[in-house]
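In what follows, a single structure is set out as structure tokens and then discussed.
The values are calculated or read from the model by the stated rules, or taken from the named source; none is laboratory data. Model, not experiment: these values are computed from the prediction. For neighbour counting, all protein chains shown are included, and Cβ atoms are generated from backbone atoms with ideal geometry for every residue, glycine included.
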């Protein structure tokens, strides 16, 4: 509880004079964290990691940037722009952090140290390779019981058009 109180005090001191201003700056960061969690493939752990590492650094980056502009006497518009820029920088850093954590989690659970997106990509590449292999086998009549072998000219071994 003390951590939450200190965090809210930091946000209020660096982001605005009222709770409404703080909410208007923090809610988009939290919403994007929720979107990252919802769209990340994998188990609930991967989703939580993606959501927290998107929202947390984004809020922190925005609060820090807005606080710096506030300290040098910047007006509200400048603080808002600094908050947006800081949130974007924090989000990119958070994505890198989240990917690193998810790779470590994958290694700890017996995987090869990949993010959920990398695992999904590897599975799709394997599926594509299998489909191409099957297509080639069918195309050249190397799979027994296919009809292509009956459409071949026996003298040339080529398909009949």
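Output the number of the condition that residue 97 fails; it satisfies all remaining conditions of (1) closer than 30 Å to residue 120 by Cβ; (2) more than 15 Å from the chain's Cα centre (by Cα).
Just one mismatch for residue 97, condition (2).
Look through the stretch 108-140, keep the residues that are more than 22 Å from residue 55 (Cα to Cα) and in contact (Cβ under 8 Å) with a residue 40 or more places away in the chain, and return whichever of them is surrounded by the most Cβ atoms within 10 Å (Cβ to Cβ).
119
Any idea which of 105, 71 is assigned by TED's automatic domain parsing to the domain that holds residue 27 and loosely packed, with under 15 Cβ neighbours inside 10 Å?
Result of the check over 105, 71: 71.
Just for the stretch 13-30: of the residues that are assigned to a helix (DSSP H, G or I) and in contact (Cβ under 8 Å) with a residue 24 or more places away in the chain, which one is farthest from residue 105 (Cα to Cα)?
Checking each candidate, the answer is 13.
In the list 51, 42, 33, which residue meets the criterion of being touching a helix residue (DSSP H, G or I) at 6+ places or on another chain (Cβ under 8 Å) and part of a loop (DSSP other than H, G, I, E, B)?
Answer to the check: 42.
At pLDDT 95 or above and either under 15 Å from residue 32 (Cβ atoms) or in a helix (DSSP H, G or I) (or both), is that true of residue 82?
Details: at pLDDT 95 or above: no; either under 15 Å from residue 32 (Cβ atoms) or in a helix (DSSP H, G or I) (or both): yes.
Considered against the rule, which asks whether it is at pLDDT 95 or above and either under 15 Å from residue 32 (Cβ atoms) or in a helix (DSSP H, G or I) (or both), residue 82 comes out as no.
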